Amino acid sequence: MTEKDTVDTRWSEMVARVKTERDETAFAELFAHFAPRVKAFLMKSGADPALAEECAQDVMATLWHKAHLFDPERASVATWVFTIARNRRIDALRKNRRPEPEDLTWGPEHEPEQDEAIALQQESEKLGTALAALPEKQRMLIQRAYFGDMSHSEIAEETGLPLGTIKSRIRLALDRLRHEMK
Amino acid sequence: MNMTIKHHLTDPLLMAYAAGNLPEAFGLVVATHVSMCDECRARLASFEAVGGAVLEETDTCEMAEDSFAATMKRISDVPEEERITAPATTAEDALLPKPLREYVGGDIDAVEWKSVGGRVRQAILPTSKDASVRLLYIPAGVAVPDHGHRGTELTLVLQGAFEDEADVFGPGDVEVANEELEHTPVAAPGHDCICLAATDAPLRFSGLIPRLAQPFLGI
């Protein structure tokens with residue numbers, strides 16, 4: 001591991017291997033790490049164990065099928081898995097459609113730029129550290145908001161999480177993407 | 001991309017959408033605005049990153065014994081051709097952003113408008129019942145009947161502009177109104193105004209007649 005390597009860049013290499021080589025060993029590693037977290041997330045959102053198990057398997061199968069859609073310049077693997085799990089939850093527990101924004105996709109020839117991707121993954125880790133360092137009460141509030149048992153709140157304003165850095169990083173990726181699509 | 005958007009979504013709305021907790025009707029307004037606004041797209045991504053961090057920090061929960069094998073079976077059960085997602089088709093000249101086209105079943109010419117009086121027309125879009133969303137067509141210079149709110153109302157401009165006591169709202173701008181705001185939106189002269197409006201409570205019109213008519217209008 002070089003200094004630049006982070007846990008998150010390692011996960012995104014695993015996803016790349018699933019995408020290009022259909023690598024079951026890499027997938028097994030992703031599964032061992034993320035499936036139990038997705039299951040716990042779904043149970044905290046109100047799913048019973050059987051439904052949570054089924055949905056977690058589904059989420060991991062989606063990761064396999066959609067590995068080519070993962071963009072390391074715009075999200076960490078954990079964030080991407082979270083969005084898949086969230087959508088599965090809306091579908092399974094609320095039985096709602098989820099309106100999704102129009103997607104911005106790179107052209108088929110695009111190779112993610114390593115530096116940009118690494119910087120984004122590093123900032124995601126920093127965000128994780130910042131979240132873990134929040135006072136217990138605030139951290140619980142945020143968790144509850146994401147588990148879905150709080151519908152509205154001013155939480156976002158109160159936490160002081162370093163969202164600006166992530167935002168400017170993503171903004172940069174969007175700018176580059178727009179430029180490339182011209 | 002629209003560089004002139006001045007009125008953006010609030011943090012609590014973006015966070016609730018990122019967390020998957022908004023009523024479908026509000027979600028449609030958020031998804032439509034984000035489709036038009038890079039600023040909010042980037043902010044949304046940062047709130048999703050918080051979700052990723054929360055997931056990473058969550059206690060784990062033991063998987064069923066055969067879980068991995070069952071998942072591999074799920075994977076191989078999907079026929080190869082269904083695994084390839086169709087390329088996103090962007091209709092360059094469409095007025096309505098994609099999430100909205102999916103609810104309308106086409107672009108603006110596919111909207112089934114119904115008159116609500118005063119030359120104002122609306123089309124209610126099908127969503128879950130916890131909130132409602134409709135397209136509004138307000139001819140240039142015409143006012144929407146005076147109304148207050150019992151809940152939250154989001155109004156996103158798709159074409160033209162409207163003014164109310166608070167400000168001027170142009171294409172891509174979204175107004176977030178709560179119960180305190182008693183306002184009279186007027187479509188700016190020149191262009192007919194088309195907006196997408198969501199509310200989590202029935203609108204309460206100030207005049208008696210509109211109030212009686214409300215159950216029939218479905219708003």
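Among the listed residues A:82, A:70, identify the single one that is of a type in the set (Phe, Trp, Tyr), surrounded by 18 or more Cβ atoms within 10 Å (Cβ to Cβ) and facing another protein chain (nearest Cβ under 10 Å).
One residue alone meets the criteria, A:82.
Taking the residues in region B:20-48 that are open to solvent by 10 Å² or more (accessible area, probe 1.4 Å) and at the interface with chain A (Cβ under 7 Å from one of its Cβ atoms) as candidates, determine which candidate is modelled with the lowest pLDDT.
Result: B:21.
Residue B:74 versus (1) within 7 Å of chain A (Cβ to nearest Cβ); (2) within 24 Å of residue A:97 (Cβ to Cβ); (3) buried (at least 19 other Cβ atoms within 10 Å of the Cβ): which is the lone unmet condition?
(3)
Mind checking which pairs have a first residue in region B:170-187 that is assigned to a loop (DSSP other than H, G, I, E, B) and a second that is among the small types (Gly, Ala, Ser), Cβ under 6 Å, 6 or more apart or different chains?
Pairs found: B:170/B:161; B:182/B:148; B:184/B:143.
Of the residues B:105, B:117, only one is exposed (fewer than 13 other Cβ atoms within 10 Å of the Cβ) and at pLDDT 90 or above; which?
So the residue among B:105, B:117 that is exposed (fewer than 13 other Cβ atoms within 10 Å of the Cβ) and at pLDDT 90 or above is B:105.
Would you check if there is a residue in region A:92-112 being at pLDDT 85 or above and not in a loop (DSSP other than H, G, I, E, B)?
Scanning region A:92-112 turns up at least one residue that is at pLDDT 85 or above and not in a loop (DSSP other than H, G, I, E, B).
Would you call residue A:111 in the same structural domain as residue A:10 (by TED's automatic domain parsing), out of contact with any Phe, Trp or Tyr (no Cβ under 8 Å at 6 or more places or on another chain) and of a type in the set (Asp, Glu)?
In short, no.
Is it the case that residue A:173 is open to solvent by less than 30 Å² (accessible area, probe 1.4 Å), at pLDDT below 85 and closer than 22 Å to residue A:45 by Cα?
no
Given the structure, is residue A:9 open to solvent by less than 20 Å² (accessible area, probe 1.4 Å), part of a helix (DSSP H, G or I), modelled with pLDDT under 95 and out of contact with any strand residue (DSSP E or B) (no Cβ under 6 Å at 6 or more places or on another chain)?
Against the criterion (open to solvent by less than 20 Å² (accessible area, probe 1.4 Å), part of a helix (DSSP H, G or I), modelled with pLDDT under 95 and out of contact with any strand residue (DSSP E or B) (no Cβ under 6 Å at 6 or more places or on another chain)), residue A:9 qualifies.
I'm trying to understand the selection: among the residues of region B:3-17, which are under 14 Å from the mean Cα position of the chain (by Cα) and either closer than 22 Å to residue A:77 by Cα or open to solvent by 10 Å² or more (accessible area, probe 1.4 Å) (or both)?
B:8, B:10, B:13, B:14, B:16, B:17
The values are calculated or read from the model by the stated rules, or taken from the named source; none is laboratory data. This is a predicted model, so every value here is computed, not measured. Don't worry about glycine lacking a Cβ; one is built from the backbone with ideal geometry, like all the others, and counts go over all protein chains shown. The protein model used for the area step is the full one, side chains on, heavy atoms only, and it has no ligands, DNA or RNA in it. Shrake-Rupley method; radii C 1.70, N 1.55, O 1.52, S 1.80 Å.
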